[in-house]
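A short write-up of the structure that comes next.
The values are calculated or read from the model by the stated rules, or taken from the named source; none is laboratory data. Being a predicted model, the structure only gives us computed values, none of them experimental. Cβ placement follows ideal geometry from the backbone for every residue including glycine, while neighbour counts extend to all protein chains displayed. What goes into the accessible areas is simple: the full protein's heavy atoms, side chains included, and nothing from ligands, DNA or RNA. Shrake-Rupley method; radii C 1.70, N 1.55, O 1.52, S 1.80 Å.
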Amino acid sequence: MKSTSARALATVAASALLLSACSGSETATESTSVNPDSTATASAAEQTTVSVVATTTILGDVANQIVQCAGGTVEVLMPVGADPHDFAASSDQVASIVTADLVIANGLDLEAGLTDSLANAASDGANIVEIAPLIDPIEFGAGGHDHADEADHADEADHADEADHADEAEDEHDHGDFDPHFWFDMNRMAIAAQLIGAELTELTGNDAYTTCADTTATEIRSAEGDVRTLLESVPAEQRILVTDHDAFGYLAETYGYEVAGTVIPSGSTLAKPSSADLADLVEVINAEGVTAIFANTAEPAVLAEAVAAETGRDITVIPLYVGSLGAPDSNASTYIDMMRTDAQLISEGLRN
């Protein structure tokens, strides 16, 4: 589900990823944008009335940075704190999807509760771009899972799920082979900003969107340097993550972490762990000497706390911002602030 310009956007993304790979970690601080002409940008903003709908708060924040600069409005479907896996749109929101000039979705089945609404809107002519498939997504398990018995655990989880859920529900919750949580790689998010700018420029004929997107991408890449410093301050042997669900593959791959296990054995919060899954996770935590479990601010931490208690050790449960930004008065009210905050919480949690 994407606009007619998706092939061109994919080409832009591939080029940007290639440049990022060639320059290595230096992409965190190097500027790849042009300097915008403030007078021209202000004039363009006054004349442009493009309407954008974004599904998640994370994409909405990045899109809003671009649109505030170049002109137009952004509506974000999901409220702060919503879990993108199970959010369902209201009838008014479905109508806004159809009438917007551009709809920006994550894709790769992240927005499981919006699948039908987005598909129906696309059939009605909505201009929808799914970002995640365009930025060279990684496969689930590519971000540092390194346990010989992982396949056995996956089989056990599958059997338990089959006993508790119908096949249709299981299919609905399945992300497939590719991981949709790409925003935990800030260089990919910078590319996403440029893709959004390119799409808006093609839609309106206004180059200000490309210019403003380049500025946004540069800000994200600069902030990635702070995130890298925090995460790489953790000694290599301590870079072991246990999280609420399988959402940190991109972070693990980028910064040399290992995802040792997850409370929910899935890339979606909609899956349910069996008692065997939780018992296996306790064994992994004790075997690896894990000192922290990273929970999700969008979900109750009851299971994570139960696992921590079951280890019989002093395990800290630390909530992270995973699929949603924080409230406006929080230290995670923007995408960049969210990433800095999560990086600080991870580094402090693992170094203590």
* Selection from the stretch 232-265 of residues that are touching a Leu at 6+ places or on another chain (Cβ under 8 Å) and in a loop (DSSP other than H, G, I, E, B) -> Val234, Arg239, Asp244, Phe248, Tyr257, Val263, Ile264
* Structure fact -> In the set Leu251, Leu281, the lone residue that is hydrophobic (A, V, I, L, M, F, W, C) and either more than 19 Å from Ser347 (Cβ to Cβ) or surrounded by fewer than 23 Cβ atoms within 10 Å (Cβ to Cβ) (or both) is Leu281
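Out of the stretch 294-324, which residues are aromatic (Phe, Trp, Tyr) and open to solvent by 30 Å² or more (accessible area, probe 1.4 Å)? Give the derivation first.
First, the residues of the stretch 294-324 that are aromatic (Phe, Trp, Tyr): 294, 321.
Scanning the stretch 294-324 gives a single hit, Tyr321.
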* Return yes when Ala287 is assigned to a helix (DSSP H, G or I), of a type in the set (Gly, Ala, Ser) and either out of contact with any Leu (no Cβ under 8 Å at 6 or more places or on another chain) or surrounded by 21 or more Cβ atoms within 10 Å (Cβ to Cβ) (or both) and no when it is not. => yes
* Structure fact -> In the stretch 268-278, residues that are open to solvent by 10 Å² or more (accessible area, probe 1.4 Å) and within 24 Å of the chain's Cα centre (by Cα) total 5
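To keep it simple, each residue is scored yes or no on (1) within 15 Å of the chain's Cα centre (by Cα); (2) within 14 Å of Val322 (Cα to Cα); (3) of a type outside the set (Asp, Glu).
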{"residue": "His181", "(1), (2), (3)": "yes, yes, yes"}
{"residue": "Glu199", "(1), (2), (3)": "no, no, no"}
{"residue": "Thr204", "(1), (2), (3)": "no, no, yes"}
{"residue": "Ala236", "(1), (2), (3)": "no, no, yes"}
{"residue": "Ile240", "(1), (2), (3)": "no, no, yes"}
{"residue": "Ala260", "(1), (2), (3)": "no, no, yes"}
